[in-house]
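Rule-based calculations on the coordinates, nothing more; no lab input. All of these numbers come straight from a predicted model, not from anything done at the bench. All Cβ positions, glycine included, derive from the backbone under ideal geometry; neighbour counts span all protein chains shown.
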Amino acid sequence: MHVRLQSWFPFRVDICLNGRHWLARELEQAKVAYRKRENALVWVEDMAKAQQLLDQQVHLDWRKALDGLLAQTHPHRKEICKPLNLQYYWSVAQSEYASDVLFKDPAELARLYPSLVHHGLSSFSSPDVMRFLGRKVPTTGGVHPNFKGEVISDLKQRPEGVRIKHSVNGNSIKLYDKQESVLRVETTINNPIDFRVYRRSESHRQAGKDWRVLRRSVCDMPRRAKVSRAANERYLQALSSVNTHVPLFAWTKEVCRRHRRGQRRWRALNPLSPADGALLRAVSRGEWNINGFRNRDLRRLLFAGKADPRRDQQNARKTGRLILLLRLHGLVSKVSHTNRYVLTNKGRVTITALLAANDANTEELTKLAA
């Protein structure tokens, strides 16, 4: 870490703190063995203990700790602040929250990483990136017409390897490999206005708590960490379907043919047809990863436009039959005691493969076949 003190009025103080180095010191104090290369822990004797220490960092008494650093580096602070009874206000200019996936075999990460990069660039649309970073996206799947920001996905060749980065309004999520055996997903927040925290109003303290804009203040650090971790997990979840050695036909042969079990029959799925293609895209949307989808969520996507009550009931029954079809093929499962459904592991991999093949051109497919 370092502390920078501006030597002229208003004597701004900038503090940069590296959580991985901090963790390394805590592991030494806890007598937990580890191996570290630059800013990456490549092996830890007790992973659960390391995660516990990292989680505790977030809930530090930040004001007290930062005031202690101020006392060490700014000897005239009391003299300067006293006439107007001022005090330093600690805010977060930039936060980075990284989730590391450690590989035992570097060769396995080297084999997998190009597929992850390709999947991240070719499969994630602007609405997907916005969902990863906590923005609401209309049920139509497009970008809201009032959105004036910019969504950017880019690829950069670094000395250490390839880095893919997605950004929205100054906030970003990126994927890169480190030290040959660490896959890192990292969310950076520069503009917290896109996120919410459940708190009281600062101007109306008597009002009840509500979901309000995430502040730059260090008092919102736990919530900042929580939304960043959720973004990382959404991104990793979306990437996870690319990790398979099974040929495409092996995943699709079951869903692309008719089935019969006793008296029950159900039809095959045709991912190349507009109707089934739209159905598969709808159930694989990123926002369903956490809480799943309901009949009415799917209905809004499949049957756009206003409908009268009678037509809406008909659409609800059609959607129910489509959900049943996906369940019979093993692509989705019902969440117990709810009316929500989530993709199964089979569904996630199969649908991702089908949609990727559907979107690829003949040149790309020929290269993969070769």
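Remark on V332: its backbone amide H falls under 5 Å from those of R327, T344, a criterion applied only to residues 5 or more positions apart or on other chains, H modelled at 1.01 Å from N.
Fewest neighbouring Cβ atoms within 10 Å first, the residues W43, W211 line up as W211, W43.
What is the helix-to-structure angle for 47-58, meaning the angle in degrees between its Cα long axis and the longest Cα principal axis of the chain, kept from 0 to 90 and rounded to the nearest 10? Long axis of 47-58 versus the principal axis of the chain: about 60 degrees. Can you match semi-axes √(5λ) of the Cα gyration tensor in Å to one of these, [x] 45, 27, 19; [y] 35, 27, 18; [z] 31, 27, 21, based on a calculation from the structure here? Derived directly from the coordinates: [x]. Going from the fewest other Cβ atoms within 10 Å to the most, the residues S228, S333 appear in the order S333, S228. Would you mind checking the pairs K36/K334; K136/K318; K64/K226; K104/K156; K31/K178 and listing those with alpha carbons more than 32 angstrom apart? Cα-Cα > 32 Å for K36/K334; rest within. Relative to the dominant Cα principal axis of the chain, helix 309-328 is inclined by about 90°.
Taking 0.36 nm per intervening residue step and subtracting the Cα-Cα distance, what contour gain separates S7 from R261 on full extension?
Details: separation 254, 0.36 × 254 = 91.44 nm, distance 7.89 nm.
Here the answer is 83.6 nm.
The distance linking the range 91-109 with the range 60-86 is 33 Å (Cα centroid to Cα centroid, whole angstrom). Remark: H337, H21 ranked as H337, H21, counting other beta-carbon atoms within 10 Å and listing the fewest first.
Putting +1 on Lys and Arg Cβ atoms and -1 on Asp and Glu Cβ atoms, find which of P75, A24, H59 reaches farthest to the positive end of the dipole of the range 1-90. Highest projection toward the positive end goes to P75. To the nearest ten degrees, helix 19-29 and the longest principal axis of the Cα atoms of the chain are 70 degrees apart.
Name the most mobile residue of N169, N295, N339, meaning the one with the largest mean-square fluctuation, in a Gaussian network model of the chain with Cα contacts below 10 Å. It is N339.
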